[in-house]
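One structure is given here, and the rest of the page talks about it.
Values quoted throughout were computed directly from the atomic coordinates according to the rules given, and no laboratory measurement underlies them. Only a predicted model underlies this, so the values are computations on that prediction, with no experimental measurement involved. In this analysis, Cβ positions are derived from the backbone assuming ideal geometry, glycine residues included, and neighbour counts consider all displayed protein chains.
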Amino acid sequence: MHPLTSQLTQRKAAGEKLAVLTAYDYPTARLLDEAGVDLILVGDSLGMVVLGLPDTTGVTMDMMLHHVAAVRRGVKRAPVIGDLPFESYTTPELALSNALRLVQAGADAVKLEGGVGFTEQVKAITRAGIGYVGHIGMLPQSVKIEGGYKKKGKTEEAAARLLDDALALEEAGAAAIVLESVVPEVATKISQSLQIPTIGIGAGNGCDAQVLVVHDLIGAFPWFKPPFATSHANVAQEITRATRRFVESVKGS
Ligand code: KIV
């Protein structure tokens, strides 16, 4: 078993709730690590909140490698998880070689989107001794195929498929599984059915961990904020205020 899987399984068994945040750069990653976050995810949400792309499908391996390396330089304590971006894991061989590249750049584990249909990719990664985190429910990399971001697990069949996905990923060696935009009762049931922690985002309070995009937590991306995210700061307002003061001080108004 990968050390991250045993660590997270033990923490779940002890009843510990885990706080997970994304980071994409050195200073943010260092601050989050020093403030005690449990896991740091270099998510492909990078595309939207840092690079100004419309969705995550334009994120490449080169972009992920660049940002995983930056985050690694800032983090001493929390495990760092790097996202495998769109079309970087279409075969088990590709999944493994790209997972290795993320690890070489500094990731402690990699995450990829998908359930039962991706277990060969997952096994290729975990058999090579690489830490792996699953991601099921609403899958942002499928936004174009799905025609939008939709809540998952609304029917009995859909809920049963999600549970099958989660059990298959756990069996394939996942250290944890992100449940994104899953009906809360379904997310709770999945969490109760696994030994490894679930990491919820827009999936209710029954998950073992919660993850947020750091920009949503600190109010740094004012143009869009998901309804489930609570901001504890307003960094965008502070940037605007400081910039206006600087402009005024230079222009002498
Ligand atoms: O890319 C990302 O930030 C993610 C989280 C929202 C779970 O996958």
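List of remarks:
- Within region 91-138, tally of residues that are part of a loop (DSSP other than H, G, I, E, B), farther than 19 Å from residue 4 by Cα and in contact with a helix residue (DSSP H, G or I) (Cβ under 7 Å, 6 or more places away or on another chain): 1
- Which numbered condition residue 88 misses (of (1) more than 16 Å from the ligand (Cβ to nearest atom); (2) polar (S, T, N, Q); (3) part of a loop (DSSP other than H, G, I, E, B)): (1)
- Residue within region 150-161 that is closer than 25 Å to residue 2 by Cβ and touching a helix residue (DSSP H, G or I) at 6+ places or on another chain (Cβ under 7 Å) present: no
- Answer residue from region 119-140, given it is within 15 Å of the ligand (Cβ to nearest atom) and crowded, with 24+ Cβ neighbours inside 10 Å and is farthest from residue 178 (Cα to Cα) among those: 132
- In region 39-85, the residues that are assigned to a loop (DSSP other than H, G, I, E, B), farther than 25 Å from residue 5 by Cα and not charged (D, E, K, R): 50, 51, 52, 53, 54, 59, 60
- Some residue of region 181-201 being in contact with a Cys (Cβ under 7 Å, 6 or more places away or on another chain) and β-branched (Val, Ile, Thr): yes
- Residues that are among the basic types (Lys, Arg) and either closer than 18 Å to residue 45 by Cβ or under 18 Å from the mean Cα position of the chain (by Cα) (or both), drawn from region 102-144: 111, 144
- For region 156-169, the tally of residues that are of a type outside the set (Asp, Glu) and within 16 Å of the ligand (Cβ to nearest atom) stands at 3.
- Region 27-38: number of residues that are outside any loop (DSSP other than H, G, I, E, B) and either under 20 Å from residue 175 (Cα atoms) or under 17 Å from the mean Cα position of the chain (by Cα) (or both): 4
- Any chance residue 219 is closer than 26 Å to residue 131 by Cα and surrounded by 12 or more Cβ atoms within 10 Å (Cβ to Cβ): no
- Matching residues, region 91-111, being surrounded by fewer than 24 Cβ atoms within 10 Å (Cβ to Cβ) and either among the acidic types (Asp, Glu) or within 15 Å of the ligand (Cβ to nearest atom) (or both): 93, 108
- Test: residue in region 57-69 that is within 12 Å of the ligand (Cβ to nearest atom) and under 30 Å from residue 193 (Cβ atoms): no
- Test result for residue 172, closer than 30 Å to residue 106 by Cβ and within 16 Å of the ligand (Cβ to nearest atom): no
- Residue within region 8-26 that is among the hydrophobic types (A, V, I, L, M, F, W, C), within 13 Å of the ligand (Cβ to nearest atom), within 17 Å of residue 84 (Cα to Cα) and assigned to a loop (DSSP other than H, G, I, E, B) present: yes
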